[in-house]
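Contents: one structure, followed by commentary.
The values are calculated or read from the model by the stated rules, or taken from the named source; none is laboratory data. The shown structure was predicted, so the numbers you read here are calculated from the model rather than taken from an experiment. Neighbour counts are summed over all protein chains in view; Cβ atoms, including those assigned to glycine, are modelled from backbone coordinates with ideal geometry. For the accessible areas, the whole protein counts, side chains as well, though only heavy atoms, and no ligand, DNA or RNA atoms are used. Shrake-Rupley method; radii C 1.70, N 1.55, O 1.52, S 1.80 Å.
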Amino acid sequence: MSNLPFPLAETPDEAAAERGRLLFAGEVTFVKGVVAMDGLPPDDRTEVCFAGRSNAGKSSLINALTGRKAIARASNTPGRTQEINYFALGDSRYLVDLPGYGYANAPLPKVEQWQRLLKAYLSGRASLRRAFVLVDTRHGVKSVDEEIMTLLDRAAVPFQVVMTKADKVGRAEQDRILDQVRGKLAAHPAAYPELVLTSSEKGDGIATLRAIIAGLV
């Protein structure tokens, strides 16, 4: 596996896993929803963001990471779906939930407004250490995923692909999708060279992702 481009992230050692557990076992609070750059919280701590197509399982993953059943949904009430939602992990990290992309049902002006905000956020946030791009293991990388990856390349923001819903496909199909993802990522210079395979339902990969986030400074 280590010889593959974009290998799966290894299970963290005991110390790293404990740092991740403690980070997410502490206080997790919804800070605010942001609709313009001047509404961003102070740029005073390490920040990671989560991006993914609608239906990629982003809310479920954030809930699994934080151990809270509905914290992500707390910021997804009608009228707030185009906001950048900030959560504080204690006083050391921001976890940033970007709205799901794939705009089939959104009015064009809303889409354009959101794209402008997203570009401004990605290119102008100095404390943003990594973006996690969620890819549904049942479907692999789609064109809208590649659009966000290209945007991250241009903004020089390192991004790491997190495969969601890994429990929904068999091993052979999973391997085929992983090959497809690796092929797509080869064209993206900002892609971090490890994949994280997760299942929010089963808990697979959650400790690994917590440890990765805890290790970013």
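Charged side chains reduced to their Cβ positions (Lys and Arg at +1, Asp and Glu at -1) give the chain a dipole of some 460 debye around its Cα centre. For the chain, the number of Lys pairs with C-alpha atoms closer than 24 Å, counting only pairs eight or more positions apart or on separate chains, is 26. Electrostatic bookkeeping for Arg154 treats Lys and Arg as +1 and Asp and Glu as -1; over the other residues with beta carbon under 12 Å from its beta carbon, the sum is -1.
If you count, for each residue, the other Cβ atoms within 10 Å and average over each peptide, how do 48-54, 107-113, 17-23 line up from highest to lowest? Working shown, then result.
Working: 48-54: 22.0, 107-113: 11.1, 17-23: 17.0.
Highest mean packing first, the order is 48-54, 17-23, 107-113.
Per residue, the convex hull around the alpha carbon atoms of the range 1-59 comes to 185 Å³.
Tell me the volume per residue, in Å³, of the convex hull enclosing the alpha carbons of the range 97-186. Don't skip to the end; give the middle numbers.
Numbers: hull volume 9.4 nm³, N = 90.
Enclosed volume per residue, from the Cα hull, is 104 Å³.
Positive end of the dipole of the chain (Cβ unit charges, origin at the Cα centre): among Gln82, Gly215, Phe159, the Cα lying farthest that way belongs to Gln82. Hey, if you drop one equal point scatterer on each alpha-carbon of the range 124-169 and run the Debye formula without solvent, what base-10 log of I(q)/I(0) do you get at q = 0.18, 0.34 Å⁻¹? Per q value, in the given order, log10 I(q)/I(0) is -0.57, -1.23.
Taking the DSSP beta bridges in the chain as the whole, what percent of them are antiparallel, to the nearest 5? If you can, show how the numbers build up before the last one.
Values: 12 of 34 bridges.
The answer is about 35 percent antiparallel.
Annotation for Lys119 and Ala17: the two label points, set 7 Å from Cα along the Cα-Cβ direction, are 4.4 nm apart.
Beyond 24 Å, how much of the Cα-Cα pair distribution for the chain remains, as a whole percent? Present the calculation step by step, with values, prior to reporting the outcome.
Numbers: 9038 of 23436 pairs.
Here the long-distance tail beyond 24 Å is 39 percent of all Cα pairs in the chain.
Surface composition of the chain: carbon and sulfur atoms hold 51% of the protein heavy-atom accessible area at a 1.4 Å probe.
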